[in-house]
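A short worksheet on the structure shown next.
The values are calculated or read from the model by the stated rules, or taken from the named source; none is laboratory data. These numbers come from a predicted model, not from an experiment. Cβ coordinates were reconstructed from backbone atoms using ideal geometry, including for glycine residues, and neighbour counts include every protein chain displayed. Ligands, DNA and RNA are excluded from the accessible area calculation, which covers all protein heavy atoms including side chains. Shrake-Rupley method; radii C 1.70, N 1.55, O 1.52, S 1.80 Å.
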Amino acid sequence: MIDPFGRSITYLRVSVTDRCDFRCVYCMAEDMTFLPKAEVLSLEELERLCAAFVRRGVRKLRLTGGEPLVRKNVMSLIRGLGRHLDSGALDELTLTTNGSQLAKYAKELAAIGVRRVNVSMDTLDKDKFRELTRWGDLDQVMGGIDAAQQAGLHVKINAVALRGVNDMEFDELIRFSHGRGMDLVLIEVMPMGEIGADARLDQYLPLSLARAEIAKHFTLTETDYRTGGPARYFKVEETGGRLGFITPLTHNFCESCNRVRLTCTGTLYMCLGQQDAVDLREPLRRSMSNGPLISAIRAGIMRKPKGHDFVIARSAAPAVHRHMNATGG
């Protein structure tokens, strides 16, 4: 699949549910309204959609949410997708999780063929963690990381950089992650969903500033390491570990974007920072033949924009009004 700007689309992110057992302050409003179950695709429908993308050239699948592991019977979907790993049609099957359910599922994920997971964890302070997630338990997440590593999964820690919240913890997060053999990636907060314009701007920390502050204490050497996503990685000489930066606002990565996103309702978003979308649920359910579905996918890819519309300013409304949990970031 080649988009209008010559980019090969080989990476599909699939939000299997908009529900989550946390309520992170940059991701959701405190009083969220979730999708009616009738609008959500069945696991069998999600598997059929993913298979259609794999046949069209997708080589990497990432399952997201909400929190993907809170979806009932989600492991049946992951087992089904694992068959594409066995056949060689898929290079990688992975997921982004808050870690709360990893203790329960890590061994099975590894047995299916998942080799690495991203765990979203923005602080090592238990009280601050509960405040950021509104009711998350840091000890539960730590137990999930333990289980994942014991199962042989490579864990990467994702931390959203929040001004005045965790910006004083980056050194500690680096030492913690690298001390356990985990990469750390810092992410700029993105203007998605209504949480209050001032609140969003107050959260925003340009990672150019964070990197400059980190460089006062660590030696950062740029590398050519890539995982297929947008992170730009540096080696931290003092720890030997990798530190990544995802900078959609200060230095966007649109020119090399190889991703599209599928929601649990069958909506295909060609760009995280745009509203344009294609409904795949209708052709999926209209015909047992994949012809109409493939045509809809092809039409969507040909509408992929050159770049996103993210802007953070007090006068600016969110570029997109859906919350992060709707498309999984």
Estimated dipole of the chain in Debye, rounded to 20 [Cβ of Lys and Arg +1, of Asp and Glu -1, Cα centre] = 1280 debye
query = If you check each cysteine of the chain for another cysteine whose beta-carbon is under 4.7 Å away, which ones come up empty?
reply = Cys20, Cys50, Cys254, Cys257, Cys264, Cys271
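Once you sort the root eigenvalues of the Cα gyration tensor of region 201-292 as a ≥ b ≥ c, which label holds: rounded (a/c under 1.5), prolate (a/b larger than b/c) or oblate (the other case)? Intermediate values should be presented prior to the final figure.
Details: a/c = 3.94, a/b = 2.40, b/c = 1.64.
Taking the square roots of the gyration eigenvalues as a ≥ b ≥ c, region 201-292 is prolate.
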message = Please list, in order along region 168-183, the HN-Hα scalar couplings obtained from phi with the Karplus expression 6.51 cos²θ - 1.76 cosθ + 1.60 (θ = phi - 60°), rounded to whole Hz, x for Gly and Pro.
response = 8, 10, 4, 4, 5, 5, 4, 5, 5, 4, 5, x, 10, x, 10, 6
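In Å², what does the accessible area per residue of the chain work out to with a 1.4 Å probe? Each step should come with its number before you reach the end.
Details: 13720 Å² over 329 residues.
So the chain comes to 42 Å² accessible per residue, rounded to a whole number.
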Cα pair distances of the chain binned at 10 Å [whole percent] = 6, 26, 36, 25, 6, 0
key: Sites Leu209 and Ser76 - FRET efficiency at Förster radius 35 Å, r taken between beta-carbons, to 0.05   = 0.20
query = Say R0 is 35 Å: what FRET efficiency, to the nearest 0.05, do Ser287 and Arg115 get from their beta-carbon distance?
reply = 0.50
request  = Name the aspartates and glutamates eligible as straight-distance cross-link partners of Lys104: C-alpha to C-alpha under 18 Å, and not fewer than 8 places from it in the same chain.
outcome  = Asp21, Glu67, Asp137, Asp139, Asp146
remark   = In the structure shown, of Lys126/Lys235; Lys60/Lys128; Lys60/Lys306, the pairs separated by more than 31 angstrom at the C-alpha atoms are Lys60/Lys128
query = Near Lys37, which lysines are there with a Cα under 21 Å away, not counting those fewer than 8 places off in the same chain?
reply = Lys72
key: Pair Ser42, Ala29: separation of 7 Å Cα→Cβ label points (nm)   = 3.3 nm
ask   = From the square roots a ≥ b ≥ c of the eigenvalues of the alpha-carbon gyration tensor of region 1-135, which class results: rounded (a/c under 1.5), prolate (a/b over b/c), or oblate?
value = prolate
